[in-house]
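The values are calculated or read from the model by the stated rules, or taken from the named source; none is laboratory data. Source: prediction; values computed, not measured. All Cβ positions, glycine included, derive from the backbone under ideal geometry; neighbour counts span all protein chains shown.
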Amino acid sequence: MLIVTTNPRFGLLSFPDKEFTRDFAHAMQDAADNVKISRRGNADNKFMLEILCGDEETLNQFHQTFYKATDVGDNRVKDATDATKDFIDDLGHRALGKPGHDGIVFEVNEILKTQFAVVGNVVFEFMMETPGLQTEIHQTRRIREKVVCDRFRDLFDLLKQLSEHNHRAVPPEPEPPVQQNQSAEILASQTEH
């Protein structure tokens, strides 16, 4: 199972007290448990769960947009981000049998507008928006075709590699700002040649 979404704790914001929100969380926990169970058995038949989701800052922005919060310290934003981080950590702990979520959850600073999940040979594709106090899922598609699933798996792997590369990359040092008189000197030296 592969999932690309900003917040993998579906329903946390719009439907926190609904049974289907709890059911989804339990299904994700069961999936994480299955990863751990499958690691004990046949090496050729492993259950896989990987999630590419927003990092803490991306989650904060997502929750801030949802709540239309103008204050960065809004408790609703903090509580939603903390609940999501706890959920992610729990999935990692269940899947790996130890604290942490490396190899299960990959946190990135930007998620595509079109998000998706690959479960077996089925792709679920959707666009998620937070217009305020409600999350909306648009343009949902379910595709049952192995070739398409394989391409989405390849896309997931590429996004994961790019995110890992970006986390390792050291940002370049910013160039000092050019002052007004320096700009004139540079322009004059370029026109002389």
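Considering 91, 96, 49, the condition of being touching a residue at least 60 places away in the same chain (Cβ under 8 Å), hydrophobic (A, V, I, L, M, F, W, C) and out of contact with any strand residue (DSSP E or B) (no Cβ under 7 Å at 6 or more places or on another chain) is satisfied by 96 alone. Answer yes or no: is there a residue in the range 128-143 that is modelled with pLDDT of 90 or more and among the hydrophobic types (A, V, I, L, M, F, W, C). Yes. Please specify each residue of the range 64-88 satisfying the condition of being free of Cβ contacts under 8 Å to residues at least 60 places away in the same chain and of a type outside the set (Val, Ile, Thr). Hits for the range 64-88 are 64, 69, 71, 73, 74, 75, 76, 78, 79, 82, 85, 86.
Each row is one residue, and each column tells you yes or no for (1) touching a Lys or Arg at 6+ places or on another chain (Cβ under 8 Å); (2) at pLDDT below 95; (3) in a loop (DSSP other than H, G, I, E, B); (4) more than 26 Å from residue 161 (Cα to Cα).
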{"position": "9", "(1), (2), (3), (4)": "no, yes, yes, no"}
{"position": "17", "(1), (2), (3), (4)": "no, yes, yes, yes"}
{"position": "38", "(1), (2), (3), (4)": "yes, yes, no, no"}
{"position": "43", "(1), (2), (3), (4)": "no, yes, yes, no"}
{"position": "58", "(1), (2), (3), (4)": "no, yes, no, no"}
{"position": "69", "(1), (2), (3), (4)": "yes, yes, yes, yes"}
{"position": "77", "(1), (2), (3), (4)": "no, yes, no, yes"}
{"position": "83", "(1), (2), (3), (4)": "yes, no, no, yes"}
{"position": "107", "(1), (2), (3), (4)": "no, yes, no, no"}
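Loosely packed, with under 15 Cβ neighbours inside 10 Å and over 28 Å from residue 141 (Cα atoms) - does that describe any residue in the range 4-18? No, because not a single residue in the range 4-18 is loosely packed, with under 15 Cβ neighbours inside 10 Å and over 28 Å from residue 141 (Cα atoms).
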